[in-house]
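Worksheet: the structure to be examined is printed underneath.
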Amino acid sequence: MFAVLTRRRELLSSRLVALALGLLTVSPGLAQDSFAGAATPIETLKVAKDFKVELLHTVPKDQQGSWVALCADPKGRLIVSDQYGSLYRLTPPPLGTTTGLKIEKIDLPIGQAQGLLYAFDSLYVMVANEAYQGRGLYRVRDTNGDDQFDDVKLLRKLEGGGEHGPHAIVLTPDKKGLFIVVGNQTKITALNGSRVPPNWSEDLLLPRLWDGNGFMKGVLGPGGWVAKTDPDAQNWELHTVGFRNQYDAAVHKDGDLFTFDADMEWDMNTPWYRPTRVCFVASGADFGWRSGGSKWPSYYPDTLPPVVDIGPGSPTGVTFGYGAKFPAKYQNAYYAADWSYGKLYAVHIEPDGAGYKGVAEEFITGQPLPLTEVIIHPQDGAMYFTIGGRKTQSALYRVTYVGKESTAPSTQKLAGGSARELRRKLESFHGHQDPKAVKAAWPFLSHKDRYLNTAARVALEWQPAESWRDQALAEKNPTGAINALIALIRVSARDEFHRKPTADPVPDPTLQPAILASLDRLKWDSLSEFQKLGVLRTYGLAFIRLGRPEEATRQRLGTLFESRFPTTSQPLNLQLGELMVYLASPNAATELVAALQKAPSQEEQLAYAKMLRVLRTGWTPALREAYFSWFLKAANFRGGASLSGFLRDMKNDAIATLSDSEKASLQALLDTKPPKRSALDNLLADRKQVKEWTLTDLRPALNDGLRRRNYERGRELFGAVGCYNCHRFATEGGAVGPDLTGVSGRFSPPDLLESLIDPSKEISDQYQAILVTKKDGETVIGRVANLNDETLMIATDMTDPNAFANVKRTDVESIEPSKISPMPEGLLNTLQQEEILDLMAFLLSGGNRDAKYFK
């Protein structure tokens, strides 16, 4: 290879030799004595301007364990729980001093909590493990008024759990009940009612690809759930489902509940990876978690999108800033703690129609900083947070504001109240039949607001289908028809995974043809992209729940969907592709293998390979060879811990579709061992060096060169030079680097070009690496991405989310910021000038094909 590309690869190699390439922020000068066996020092934290962090207590692990839950009682004392031990009551020192913390052990057979709440003159404790009387919700009280807890009662035992089990207990907005927040390994408890229609299913068009490591194999939806109960936990109502592992939740001042849901880090760099995300916990909604490679994309009309995607991490405690003696902006923020990457986000949420939108700001960060819980103290107005968990070093911190802005209680007025009131009116029909519901809900099935659509559809699903079936089949508004038909399908049948032959009615054989006729009437070319996605999802649900169509319909629709493929929209192409495979359209193999070969991102290639693995018709020897040859390339893809297993299972599924003669002719290819390459070498193997580009070479071209550019070529190049490996852009790509969708709002074209050519010139605090020097002289550059007891798990390769170096805290000599960007140099050097301009235009477009750069 040419000199510059060789130098770039040598630099990358040298970083990997040093266990390098990562992301992190930390202040200089963290030496051994301040690190080993101690809490994260406050001088190493990065904190929002004019905020002060104080370390109040370093928890002696051998005596008090590792703290994961925190709440305040009416006297302003804090109650904390060791993850594997007791409860403690703390009296914090007054503001202005960090000494004098009083600690009392609560000497009762209760602890190991992942949720604590003081309400109704009681301490509610959520035991997550099989300790005491078993996992579940407990009530702890002082029955004789001596200020000491003396009574423990198990209110509700819950089945299944651990770290994906029962978590938070949250006071309801009316202060008359409790929200219970539960992860996806705990079964839904016995219910007295539900806002979620009890017709949930997996709703997968093609056979499921289970997790490549077998994690939660066989576990069906609806995943993590939120329920509402009374103070005595006698009556339980299911509120929302479809989360993965939401640990905590908090109530917005307008009365709505918000949670911070977990990603599945083993899915990283796959198309079904969902970043950690803040979600508005809407009544009756299903957020679409399904096990393995089956998570519903957020554009499905039968689910809801997040308020904001955060990225990789491990969500723990959350709270709103209400009552804090902070500036108004931070009083109204939603604070979300990330245990693995050591980040406390301030998410600035604002109304958006009947729902919400938000922007995340890094409020406090540190490495390591395994955040577990965060609260606002109801009396002193300070923020308190704990670190710990999994037997790591634990501590208690306090955050105060020391700037000059006013900290008077915020008088923020929320916009869009009428839309939210409309939503709540529709939600009042959830969970029961009401003769007024159909008339009230119907207009909002056609509304442009997805939260109103969902509230209306859920209300409809609770009403007798015979009272609105004909109206659904006759609906002419495309959005209204999509939502009404989905409701009709959902109430008429469940899929094969959830269907109970002795309990579920047999679907009316006339229903599917009637629904397909209603969909056929919609004018495809006049629909928006989101409406087209909704139409395709509705076709899919009609097949999933009502069965395969009769042969003539199968052939007609297969040919129809094939004629619409490909489009300029990746989501549309993936939905069309799945329908083509399901219906065995005549040219599905030809079209989808071509799409697989052309797809610029690893994620898109995996999506096509996943659907093709179960296609049995339309193959030629050349197409089979092309498909199985792709696995040799994919063997060098980088991703989460399950990626290699996903690829193995996809290949095995595809081999199972071969005839004996096909398998014999392909045996040599099937047995071929792939060459081992780095992720970037795998991407750049077929690219040649063009020039060692400098800013001086390219800057003049920006004056007139960013017009009439080619969006599709820019997108292809974004994948060709490895950008998709680390960065998300318009919902595609990796998640270990910053999301570049909004880069045009942060960089001018010259600044963007400079950052691409010289990534180490200025490194964002959010993505700066740390250099860990060990006592034996070995160095590790990376990002603390996980912890286990006294071991730091450092992500060492930005292109490989599964690459970790384990470093014991006791082996650390020092930690300091790295001066080398995790982004490799020279990535533009395999591109021609015109290609660089197309890539620049693509980045600056924010994913908008109609941006000025393409005109």
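What to note about this one:
- Three-way shape call for region 339-408 based on the alpha-carbon gyration tensor, with the a/c threshold at 1.5: oblate
- Here the Kirkwood formula puts the hydrodynamic radius of region 304-437 at 16.8 Å, using every distinct Cα pair.
- Within the full protein context, the accessible area of Lys176 is estimated at about 150 Å² for a probe radius of 1.4 Å.
- Amide H partners (placed H, <5 Å) of Leu771, local residues excluded: Glu816, Ser818
- Heavy-atom surface analysis with a 1.4 Å probe gives the chain a carbon and sulfur content of 50 percent of its accessible area.
- With a Förster radius of 51 Å applied to the C-beta separation of Ser748 and Asn213, the computed FRET efficiency comes to 0.70.
- The residues of the chain expose, per residue, 39 Å² of accessible area to a 1.4 Å probe.
- Relative contact order computed over the chain (Cα-Cα under 8 Å; 6+ residues apart), in percent: 14 percent
- Working from Cα pairs under 8 Å separated by at least six residues, relative contact order for region 386-478 is 22 percent.
- Fully extended contour minus Cα-Cα distance, from Thr779 to Arg554, at 0.36 nm per residue: 74.9 nm
- Proximal lysines to Lys436, defined as alpha-carbon separation beneath 19 angstrom and excluding residues fewer than eight positions away on the same chain: Lys425
- Measuring how big region 82-152 is from its alpha-carbon positions, Rg and Dmax come out at 13.4, 42 Å.
- Label point 7 Å beyond Cα of Ser665 along Cβ direction - residues of region 613-650 with amide nitrogen under 16 Å: 616-629
- The slack between Lys187 and Arg616, meaning 0.36 nm per residue of separation minus the straight C-alpha distance, is 150.8 nm.
- Cα gyration tensor category, rounded, prolate or oblate, for region 201-355 with a/c compared to 1.5: prolate
- Ranked packing of 835-846, 68-79, 408-419, most packed first, by mean Cβ within 10 Å: 835-846, 68-79, 408-419
- Between region 205-224 and region 102-117, the Cα center-to-center distance that results, in Å: 35 Å
- Expressed per residue, the C-alpha convex hull volume of the chain stands at 175 Å³.
- The calculated FRET efficiency for Asp520 paired with Ala328, based on their beta-carbon distance and R0 = 56 Å, is about 0.55.
- Normalised by the number of residues in region 288-414, the average gap of Cα pairs under 8 Å and 6 or more apart makes the relative contact order 22 percent.
- Cross-link pairs Lys598/Lys651; Lys49/Lys325; Lys75/Lys157; Lys357/Lys855; Lys295/Lys357; Lys52/Lys774 - those with Cα-Cα distance over 24 Å: Lys75/Lys157; Lys357/Lys855; Lys52/Lys774
- Cα-based reach from Lys391 at 14 Å (exclusive), listing aspartates and glutamates while leaving out same-chain residues under 8 positions away: Asp62, Asp82, Glu163, Asp789, Glu790
- Excluding same-chain neighbours fewer than eight residues apart, the aspartates and glutamates reachable from Lys688 by a Cα-Cα span under 14 Å are Glu835.
- Residue-span extension gain [His348 to Thr98] - 0.36 nm each, minus C-alpha spacing: 87.0 nm
- Nitroxide proxy distance, nm - points 7 Å out along Cα→Cβ at Glu834 and Glu130: 6.7 nm
- Taking 22 Å as the limit for the C-alpha separation, the pairs Lys448/Lys532; Lys228/Lys439; Lys448/Lys476; Lys228/Lys253; Lys46/Lys329 exceed it in the case of Lys228/Lys439.
The values are calculated or read from the model by the stated rules, or taken from the named source; none is laboratory data. Because the structure is a prediction, the values reported are computed rather than measured. In this analysis, Cβ positions are derived from the backbone assuming ideal geometry, glycine residues included, and neighbour counts consider all displayed protein chains. Keep in mind that these areas ignore ligands, DNA and RNA; they rest on the heavy atoms of the full protein, side chains included. Shrake-Rupley method; radii C 1.70, N 1.55, O 1.52, S 1.80 Å.
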